[in-house]
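Just below is one structure, and these are the notes that go with it.
The values are calculated or read from the model by the stated rules, or taken from the named source; none is laboratory data. Model, not experiment: these values are computed from the prediction. Neighbour counts run over all protein chains shown; Cβ positions are idealised from the backbone, glycine included. These accessible areas exclude ligands, DNA and RNA; they are computed on the full protein's heavy atoms, side chains included. Shrake-Rupley method; radii C 1.70, N 1.55, O 1.52, S 1.80 Å.
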Amino acid sequence: MTTTPKTITEGEHPILDYIRRDRLPHIFCSACGIGTVLNAFANALRSLNYDIDRLVVISGIGCTGRASGYFAADGYHTTHGRAIAFASGVKVANPDLNPVVISGDGDLFAIGGNHFIHAARRNVDMLVLCINNFNYGMTGGQMGPTTPDSAITVTSPDGNIEHPFNLVSVAAASGAVFVARWTALHARRLTKSIEKALQKKGFKFIEVISPCPTLYDRYNRHGSGLDVMKKYRELSVIRNFTDPMKAEIDYRTRIVCGEFVDTEKPEFTDLLAKQAETLQQR
Amino acid sequence: MQKAVLTGEIFTQGDIAAAEGALAAGCRFFAGYPITPATEIAERMAYRLPRIGGRYIQMEDEIASCTAVVGASYSGVKSMTATSGPGVSLMNETIGLAVMTETPMVLVNVMRGGPSTGQPTEASQSDIMQAKWGSHGDYEIIALIPSSVQEMFDLTIKAFNLSEQFRVPTFVLADEIIGHMRERLVIPPEDEIKIVNRKKPTVPPEEYLPFKADADLVPPMATFGEGYHFYATGLTHDERGYPVMDDAAQLALVPRLCDKIRKNVDKITEAELTETEDAEVLVVAYGGEARTAMRAVKDARAKGMKIGLFRPITVWPFPKEQLKIAASNAQHVLVAELNYGQLVGEVERVIRHEIPVHLIPRVCGSPHSPDELMKEIRRRID
Ligand SMILES: Cc1ncc(C[n+]2csc(CCOP(=O)(O)OP(=O)(O)O)c2C)c(N)n1
Ligand code: SF4
Ligand SMILES: [Mg+2]
């Protein structure tokens, strides 16, 4: 986290111009990783002097799904899982807009998984920031598509027996042109990756491993939010451009972080525009 | 560049007419997923939109299609999708979102036989209630039912106009008969087509409250990228668009969403009354079945029977007052529909058991012939 002055006076805090001030305080638990990610996103906007008028922040449903309501840009809170489909509509209808999807692991990869893989396949220009807290926070901490082997949640009380998705590998295999993973501890590196992704055209994906001290990390006896962050420091290794298939997340051994994919590919709305232009000249 | 409005006379199919009506109304975005008997609309849009500066996208399913349409509409582009019953079933959650965030958009449902996969290539009118009640919660939508290829065109334009005026998702509820029928379509000159656009905010961004309604109960709509920096959510929200979970917020929002339609019923509803003034027998029919009914009524009139036809063109909200007028001399009301009894309930609600209301259902994919229908009528009134 960036250092926060004790008292925030208007105009003083560097990211305040990018935040809906009248929506503070936010709804997130203390030591939740979501705040850190939103802070990183706002810092990235600030350091790029990003054109806020063209930004549309979109999210699905969940704790993370509330993210879209905190930025001083256009924002839309869709139904559960549909943020990417909405963002596709936005980008195709008005290619001057820049959609950013901020949503949870369950929202983006369980109920919304189909939209994720197809938007990545088409290479629709958008940034997708996924906060992976290994569970469904908003509904009380149930297991989901990223819940690790044996982990305890309220719907896997005897230990999870499902095989989790490796999100960066799903993203890379689906065709994303930029794929990165950080933990909530890597606030500065995360901010840099967001900056990089915001300047790149195509489907970009950043996963942020994030504590949910109220539910997931409590059920699994990971200690306080701070303990979880310490664990992230111990476990994470940075391996840029490692094969995303091999970028494991194992709370017992290591969490592989870094920027894994950074490539170029024709973008969907550019291709649509090019085709339309030729057709209109006929 | 091709013209958006293909003024002139063509011999074409109902589905094509719906696509051309949408383009004439200013639709420039279509997201869809193929399904019989609505696929021709998507095919036409895929061909036409890029040629007139619009955009077509085939999504991975109907949930995505409907959601992309909401996103496109919020980005300032008139948008629509087209599907059949199974697709609408998937879209229903998003239709609720569109209602909650007051999104102008048009959905064409070319109805086929259900439940489930049912009879994909056969005609049906069994999604009448789905259109009204398919999503959860209290809400109102608008639905129009065309009875000809010409009406596929005209009512699709009207659907766009109503959806823009009231910021509400609007259905064109066609049946397979009309969707796949081929007949003459007259497309008027562009400047003779009435177009309604959503109200835009007249205040600067600092003063804009995205969900504060005017006297007509409809809030002006900013779109993404205009600098208003607004937020919209499917959660219950206040005038700022911010989520609020108390009773007052729900009370201020949900009744208004319903009332902007209920209190404007006279501005929305349309029905066609044929030979109803002295009609002792009133037939109620719509869509493809109304064509059969029209023939049957005209034949019976020629033989001296005092019979008339009430054809709702707007089915939601239901044209109550028009039905009351049509039924003022009726001793029998007969509802002929291509389902096992749906709109008949609404007719009964209006008639209130003052006179008998009979259902003439048909669930088998083809409409009645006029003679069959007349026999069914006779069987019930003699
Ligand atoms: C159609 C539908 N099904 C279920 C829910 C309930 N629900 C709300 S949030 C959520 C899971 C969110 O998990 P995730 O995306 O990981 O977000 P988190 O809360 O962990 O940030 C579920 C299942 C819903 N809102 N809509
Ligand atoms: S429940 Fe978990 S994910 Fe949700 S706000 Fe609290 S800590 Fe964060
Ligand atoms: Mg989660």
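A few comments on the model shown:
- Scanning the range A:49-69 for residues that are without any contact (Cβ under 8 Å) to a residue 60 or more places away in the chain, more than 9 Å from chain B (Cβ to nearest Cβ) and in contact with a His (Cβ under 7 Å, 6 or more places away or on another chain) yields A:Ser59, A:Gly60.
- Residue that is farther than 25 Å from A:Ala184 by Cα and out of contact with any Ser or Thr (no Cβ under 9 Å at 6 or more places or on another chain), where the choices are A:Asn98, A:Asn114: A:Asn114
- Helices (runs of 4 or more DSSP H) contained in the range A:159-236 and holding at least 3 residues open to solvent by 50 Å² or more (accessible area, probe 1.4 Å) and more than 16 Å from ligand 2 (Cβ to nearest atom): A:187-198, A:225-235
- Hits in the range A:49-84 (condition: in a helix (DSSP H, G or I), hydroxyl-bearing (Ser, Thr, Tyr) and surrounded by fewer than 24 Cβ atoms within 10 Å (Cβ to Cβ)): none
- Any chance B:Leu235 is outside any helix (DSSP H, G or I), surrounded by 15 or more Cβ atoms within 10 Å (Cβ to Cβ), aliphatic (A, V, I, L, M) and within 11 Å of chain A (Cβ to nearest Cβ): yes
- Of all residues making up the range A:121-158, the number that are of a type in the set (Ser, Thr, Tyr) and out of contact with any strand residue (DSSP E or B) (no Cβ under 9 Å at 6 or more places or on another chain): 1
- Put simply, of B:Ala248, B:Ala279 the only residue that is crowded, with 20+ Cβ neighbours inside 10 Å and either out of contact with any helix residue (DSSP H, G or I) (no Cβ under 7 Å at 6 or more places or on another chain) or under 20 Å from A:Arg21 (Cα atoms) (or both) is B:Ala279.
- Every test in (1) at the interface with another protein chain (Cβ under 7 Å from one of its Cβ atoms); (2) touching a strand residue (DSSP E or B) at 6+ places or on another chain (Cβ under 9 Å); (3) open to solvent by 10 Å² or more (accessible area, probe 1.4 Å) is passed by B:Ile63 save one, and that test is (2).
- Test for A:Arg254: is it out of contact with any helix residue (DSSP H, G or I) (no Cβ under 8 Å at 6 or more places or on another chain) and either within 14 Å of chain B (Cβ to nearest Cβ) or surrounded by fewer than 17 Cβ atoms within 10 Å (Cβ to Cβ) (or both): no
- Selection from the range A:69-78 of residues that are within 16 Å of ligand 1 (Cβ to nearest atom) and over 14 Å from A:Leu45 (Cα atoms): A:Gly69, A:Tyr76, A:His77, A:Thr78
- Filter pass, A:Gly89 being more than 14 Å from ligand 2 (Cβ to nearest atom), within 24 Å of A:Tyr70 (Cα to Cα), free of Cβ contacts under 8 Å to residues at least 40 places away in the same chain and buried (at least 24 other Cβ atoms within 10 Å of the Cβ): yes
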